[in-house]
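Okay, structure first, notes after.
Throughout, read-outs are computed from the coordinates displayed, never taken from laboratory work. The structure displayed is predicted, hence computed values, not measured ones. Here the Cβ is made from the backbone with ideal geometry for all residues, glycine too, and neighbour counts use every protein chain on show.
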Amino acid sequence: MYSLSVFIAVAVSLASLHMIAPDHWLPLTALSIKRKYGKGRVFLFSISLGFLHGLTSVALSILALFLGVKLFGPEALKEISILILAAVAVYMLAVALREGNGSRKIENTSLIVSVLPDPVLLPIVVASYALSLQALAIVSVAFVLATILSLGAVMGAIMAGIGRSLYRLKPTEIDFIVIGALVVTAVYIYLFG
């Protein structure tokens, strides 16, 4: 049987890891330097962007969940979860490999990247729905809060000058860690679902 605490931990981990990737905080850092924003304004922007990113990701996931349940029925949730986990992992791997080959530079990203929904939450939402609507709500709130706190913490570290090592991170490195978490989650759902 699924465990709510496992899905909360996975959602928080994915949100936290994902917001450490430079494509989420570097555009905000560049904008704040260019426009000479103070720490308070940068913090407010990071909280707002984290909230919007988490919210759009949850909205996309819930929409896809209910469309999937309508089309395939709730009895197919385990298989759908595993299939979506695999699809998102393959998609992220393709993007990471493309980024690793230099076809997309971090300088070309924009602030909008921090708001666009991320499909990484979708399989976790589908799997947590198998527990209950309350579990789905708890996982969704945990993801949004972790997204807000993570982006805020990253921007705080950068503004304080202690986040210099974050500049050396490549988005692909974070993507590979997230892919690993997705694969482990798929195995968990397969074995215990």
- Message: With angles folded into 0 to 90 degrees, how steeply does helix 22-34 sit against the dominant principal axis of the chain? Use alpha carbons for both and round to 10.
- Response: 30 degrees
- So how tilted is helix 39-72 from the main axis of the chain? Cα-based, degrees 0 to 90, rounded to 10. 20 degrees
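Could you list SER48, SER61, SER16, SER140 so that the one with the fewest beta carbons within 10 Å of its beta carbon is first and the one with the most is last? The partial results should precede the final answer.
Numbers: SER48 14, SER61 27, SER16 17, SER140 22.
If I rank by nearby Cβ atoms, fewest first, I get SER48, SER16, SER140, SER61.
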- Using alpha carbons only, how many degrees (0 to 90, rounded to 10) separate the axis of helix 4-20 from the longest principal axis of the chain? 30 degrees
- Task: Could you please tell me the mean projected area of the C-alpha convex hull for the chain, averaged over all directions and given in square nanometres to one decimal?
- Result: 10.5 nm²
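Report, in deg cm²/dmol and to the nearest 500, the calculated mean residue ellipticity at 222 nm for the chain, where each DSSP H run with n ≥ 4 adds -39500 (n - 2.57) and the sum is divided by the residue count. It would help to have the intermediate numbers written out before the result.
Details: 7 runs with 145 residues, N = 193.
The helix contribution divided over the chain gives -26000 deg cm²/dmol.
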- Excluding near-sequence neighbours (fewer than 8 apart on one chain), the chain holds lysine pairs with C-alpha atoms under 29 Å apart numbering 8
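Can you tell me the relative contact order of the chain? Whole percent, Cα pairs under 8 Å, sequence separation 6 or more.
Relative contact order, the chain: 48 percent.
Can you list which of the trypsin sites (Lys or Arg not before Pro) found in segment 23-80 are DSSP loop residues with at most 12 other C-beta atoms within 10 Å? Mind dumping the intermediate values first?
Working: sites: LYS34, ARG35, LYS36, LYS39, ARG41, LYS70, LYS78; in loops: ARG35, LYS36.
Filter output for segment 23-80: ARG35, LYS36.
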- Convex hull over the Cα atoms of segment 1-62, averaged projected area in nm²? 5.2 nm²
